[in-house]
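First up is the structure itself, then whatever we jot down about it.
The values are calculated or read from the model by the stated rules, or taken from the named source; none is laboratory data. In this text, all values refer to a predicted model and were calculated from it rather than measured experimentally. Neighbour counts run over all protein chains shown; Cβ positions are idealised from the backbone, glycine included. Heads up: the accessible areas ignore ligands, DNA and RNA and are worked out on the full protein's heavy atoms, side chains in. Shrake-Rupley method; radii C 1.70, N 1.55, O 1.52, S 1.80 Å.
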Amino acid sequence: MKNCNALVIGGSAGSLEVLIKVLPKIDINIPFPIIIVVHRKQGTDSLLSELLSTKTALIVKEIEEKESVLPGTIYIVPSDYHLLIEKNLTFSLDYSEKVNYSRPSIDVTFQSAAEVYGDKLVCLLLSGSNSDGVNGLITVKNYGGETAVQDPLTAQVNYMPAQAILKANIDKVLKIDEMSDYINSLS
Amino acid sequence: MPNSSSINDEQVETLITDVLEQYGYDFTGYSRASFKRRLLRLFSLDKQVSFAEFRYKIANDSTYFKRFVEQITVNVTEMFRDPVFYKALREKVFPNLGTYPFIRIWLAGCSTGEEAYSMAILLKELNLLNKSLIYATDINPTVLEKAAQGMFPLSQMKQYSENYIGSGGTKDFSSYYSANYSLAKFDNELKAKMIFSTHNLVSDHSFNEFQLILCRNVLIYFDRDLQFKVLQLFDNSLEKLGYLALGTKETTDFSPISKRYKRLETEKIWRKLSDEKL
């Protein structure tokens, strides 16, 4: 896709290693926001954004509620909240019931982003051990967006991307070392 | 194409207008993304088939409207949620408030009451419960009935006990409740200092002056304008040198009241300044 307006990356077990390898190679002039939803333990937020910010010159920040979504920024969804995106391109956090035993849920953010960005959205699902994100990818496709998953053969835990390939219409299946070129080509 | 049985943005606005006109509940300042998601959830939970029927039912069936309010608002809560927050109350806030002859606390958006009972336990351990009064309010009468019962699922107690210990609690958490089949019934002593009442942050006014106001994970569902309005309501309801506590992702920054408050280091707790400091 060209002229992508937002990239949302979801992942669970085994996804951090992928992010650590991919983020350093992302073009620092990337003209769209990158929103990262990963399952993890409660209360470890700042650690994750600190860790990821050492891997890139781009701004990495944990999302504050109602802040504007800006291009060229990497946003980390805080633990224990769902992330939604408003039509006016601000973030809303939500502490409602877990979805797929998860909060944040990848499905919730993929679906919300699909409504806002439509066919200018790209969603990428990484390694993980449950199927959170799969329904979200189906919604993204329904709204004309682009779907990508980590090649299950390269995933530490292949269940999540494998389920996505089985159940959703996936445009790109990417090995870890193909991801940065793919992301950089979206602008 | 997007699912045809769903509700579009225009229909969301229609419902908000209906509900305001029919019942006087004003959801116009609610964050639309969350609100719409709750609507869709209810639509699908109740197996509604068309927007027209859903709309008719909400506007004409007041029993169903009660369910609507219950389901549209988020009622997910825990006892001693964010243990570090309670630790800060224990160590930084109550040592100050404890010197007052009387402590009035407002829990705004108290939901099913887990936070009220946590607060009562904290006050009891600090020997402050006798001179405290906890006003627990919510927009939703159904959750308040539940809160007044003081019974929570026994299955949650392991988690709550861990939270309690994380908050600096040193007692045996199970000494505060008795097991009753699948429920944990909390001591009546804790409840004796609670007053439950409906209060709508959007439309109701200040009803007392407090030394501590807690409103955690409620403002996230409001847009910025409504957040400012509610913060102003809290400011009007808080004594000088009183404390305002918000959720871990909420802030008074950017709001007009922020200049009258000083934040307690890293906590989401703000202290209202005395006149001299203004």
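Could you rank the peptides B:47-60, B:79-92 by their average count of other C-beta atoms within 10 Å per residue, with the highest value first? Let's see the in-between values first.
Working: B:47-60: 14.2, B:79-92: 20.1.
The peptides rank, most packed first, as B:79-92, B:47-60.
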Pick from B:LEU190, B:LEU42, B:LEU246: which residue has the top mean-square fluctuation in a GNM of chain B where Cα pairs under 10 Å get a spring?
B:LEU42
How do B:9-17, B:193-201, A:122-130 rank on mean C-beta neighbours within 10 Å, highest first?
A:122-130, B:193-201, B:9-17
In Å², what does the accessible area per residue of segment A:6-184 work out to with a 1.4 Å probe?
37
Per residue of B:30-41, count partner chain C-beta atoms within 10 Å of its C-beta, then hand back the mean as an integer.
5
Given points 7 Å out from each Cα along the Cα-Cβ axis, report the B:VAL84 to B:ASN200 separation in nanometres with one decimal.
3.7
Does segment A:6-184 come out rounded, prolate or oblate, given a ≥ b ≥ c as the square roots of the eigenvalues of its C-alpha gyration tensor, rounded meaning a/c under 1.5 and, failing that, prolate meaning a/b above b/c?
rounded
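So which GluC sites (Glu not before Pro) in segment A:79-187 pass both tests, a DSSP loop state and at most 11 other Cβ atoms within 10 Å of the Cβ?
Answer by residue number: there is no such site.
Would you work out what percent of the accessible area of segment B:83-277, with all protein chains in place, is carbon or sulfur (probe 1.4 Å)?
52
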Translational diffusion coefficient (Stokes-Einstein; Kirkwood radius from C-alpha pairs) of segment B:152-236 at 37 °C, 0.692 mPa s, in µm²/s:
205
Descending principal axes extents, the protein assembly as shown, alpha-carbon based, whole Å
66, 53, 52
Keeping all protein chains in place, calculate the accessible area per residue for chain B (probe 1.4 angstrom), answer in Å².
44
Would you mind giving the mean number of other chain beta-carbons within 10 Å of the Cβ of each residue in B:76-84, as a whole number?
2
What whole number of Å gives the distance from the Cα centroid of segment B:119-170 to the Cα centroid of segment B:1-80?
30
Ranked highest first by the average count of other Cβ atoms within 10 Å around their residues, in what order do A:136-142, B:99-105 fall?
A:136-142, B:99-105
Contact-by-burial set, segment A:71-95, min loss 40 Å², accessible area of protein heavy atoms with 1.4 Å probe, reference chain alone, gives A:TYR81, A:LEU84, A:GLU86, A:LEU93, A:ASP94, A:TYR95
How big is the dipole moment of segment B:38-172 about its Cα centre under a simple scheme where the beta carbon of each Lys and Arg is +1, that of each Asp and Glu is -1, and everything else is neutral? Debye, nearest 20, please.
140
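Between B:LEU126 and B:ASP9, what is 0.36 nm times their sequence separation minus the Cα-Cα distance? Round to one decimal in nm.
37.1 nm
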Accessible area that becomes buried as A packs against B, both chains, 1.4 Å probe, Å², nearest 100
2100
